[in-house]
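S.K.: Attaching a single structure in structure tokens format; questions to follow.
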Amino acid sequence: MILLGSTLAALAKVLHVVLRVYLWLIIFRAVLSWVYVPSLHQAGRILYRLTEPVLRQARRLVPPAKLGGLDISPIIVGLVIVFLDGFLVDSLTLYAHRLLRGVEVSF
């Protein structure tokens with residue numbers, strides 16, 4: 001159980017970092033969409049390639065045309081990331097700590 005608990009704890013930490021980094025990428029992309037900075041053009045293209053597949057899925061749920069052209073897909077994706085970080089990562093961490101303490105968890 002120690003191996004499984006340690007693996008789950010490490011997985012939770014990695015997942016937390018990945019989700020936080022992706023959230024910051026979404027935020028930076030939204031900010032760069034408001035202003036044009038020629039020296040950051042290449043960074044904007046990279047951010048677009050990293051974030052567009054996920055944002056496109058959110059736009060399918062709430063098309064900007066229905067909101068007067070306002071694209072709220074970064075907000076939707078950000079909320080989903082925060083939910084996953086709070087629910088999934090915390091659940092994995094709790095389960096890992098219970099395994100490491102020797103307490104059986106039943107579902």
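The values are calculated or read from the model by the stated rules, or taken from the named source; none is laboratory data. A quick note: this is a predicted structure, and the numbers were derived from the prediction, not measured. Cβ coordinates were reconstructed from backbone atoms using ideal geometry, including for glycine residues, and neighbour counts include every protein chain displayed.
S.K.: Within the range 8-59, track down each residue that is exposed (fewer than 13 other Cβ atoms within 10 Å of the Cβ) and more than 22 Å from residue 78 (Cα to Cα).
M.R.: Result: 10, 36, 37, 38, 39, 41, 42.
S.K.: A follow-up question, please. Collect the residues in the range 65-90 that are touching a Leu at 6+ places or on another chain (Cβ under 6 Å) and over 22 Å from residue 11 (Cα atoms), keeping them in residue-number order.
M.R.: 73
S.K.: Checking residue 24 against (1) touching a helix residue (DSSP H, G or I) at 6+ places or on another chain (Cβ under 8 Å); (2) modelled with pLDDT of 95 or more, only one condition comes out false. Which one?
M.R.: Condition (1) is where residue 24 drops out.
S.K.: Same structure, new question: Restricting to the range 64-99, give me the number of residues that are exposed (fewer than 13 other Cβ atoms within 10 Å of the Cβ) and more than 15 Å from the chain's Cα centre (by Cα).
M.R.: Residues meeting the conditions: 8.
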